[in-house]
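Each remark here refers to the structure printed beneath this line.
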Amino acid sequence: MTPASPKEVFAHSLDSALIKWRKSIEFVETDVKVINLKLETIIPGYTVLPDATIDALMEINLKQLKISGWDINPAYNIVQRLRESKATQLEVLHFSFDQHITFSQLMVIAEGFSALQYLRCKLSLPEDKDKLTFPVKAMSHGLRQLVIVNTPTPKVYILPSIARYLNCLFPHLDEIVIIPGPTDKDKENWDLLRSLVKLCQDVRQDDASHEDQDNVEKVKRQAI
């Protein structure tokens with residue numbers, strides 16, 4: 001008998017769990033690493049999470065979804081599918097190490113998941129600032145921690161635009177964590193990105209303080 005593949009085992013386990021706990025399950029974490037010892041490589045396609053399995057996850061009102069070690073069919077737009085699903089109360093969203101998330105998808109996440117506190121993803125960086133489409137109005141999303149994994153170091157000239165974009169979507173970020181890929185050893189630009197995001201936050205606080213002071217002065221003038 002041929003051993004069941006990880007995706008078959010997981011799909012069966014998920015089906016069984018949904019039968020028992022569909023209404024109460026809030027947290028799903030998937031992690032698998034299948035190694036062909038002879039070739040010393042991950043078996044291609046062996047750990048691709050089936051679309052039907054992801055669809056089943058989308059029907060649960062999850063608060064945490066962590067996907068690690070699995071590949072996702074490139075044709076499957078998991079961000080859009082999440083947006084259309086019941087998982088709108090997600091507080092933790094953890095994508096696989098190789099799951100690309102574009103900046104337009106970041107905006108979809110910000111618009112669709114107001115409760116999100118933690119996001120881990122691999123960013124698909126724009127080639128230049130002109131390819132970044134900013135929201136019409138800055139958002140007030142409460143995301144606190146952004147973990148960027150396996151993402152090539154951004155070029156210096158694009159850093160201010162990336163920082164502004166992140167600040168427009170997630171103005172309350174407390175921490176940006178960088179988990180570099182195996183060939184990414186340049187940390188200086190990531191440190192600069194963190195500093196630029198912090199600068200954006202400081203400028204926003206200064207602007208708010210100025211506005212408050214202007215309002216005070218306006219009230220004083222009206223009282224005279």
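The values are calculated or read from the model by the stated rules, or taken from the named source; none is laboratory data. None of the values given here were measured: they were computed from a predicted structure. Cβ sites come from the backbone with ideal geometry, for glycine too, and all protein chains shown count toward neighbours.
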> Would it be correct to say that LEU125 is assigned to a loop (DSSP other than H, G, I, E, B), hydrophobic (A, V, I, L, M, F, W, C) and at pLDDT 90 or above?
Replying inline: no
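Report whether or not GLU211 is modelled with pLDDT of 70 or more, out of contact with any Asp or Glu (no Cβ under 8 Å at 6 or more places or on another chain) and of a type outside the set (Val, Ile, Thr).
no
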> Identify, please: which residue in region 172-189 is surrounded by 14 or more Cβ atoms within 10 Å (Cβ to Cβ) and either under 17 Å from the mean Cα position of the chain (by Cα) or assigned to a loop (DSSP other than H, G, I, E, B) (or both) and is, among those, modelled with the lowest pLDDT?
Replying inline: ASP184
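For region 40-119, which helices (runs of 4 or more DSSP H) that fit wholly inside it have 2 or more residues that are at pLDDT below 85 and surrounded by fewer than 17 Cβ atoms within 10 Å (Cβ to Cβ)?
Numbers: elements: 51-58, 78-84, 103-112.
Where helices (runs of 4 or more DSSP H) fall fully within region 40-119 and carry at least 2 residues being at pLDDT below 85 and surrounded by fewer than 17 Cβ atoms within 10 Å (Cβ to Cβ), they are 51-58.
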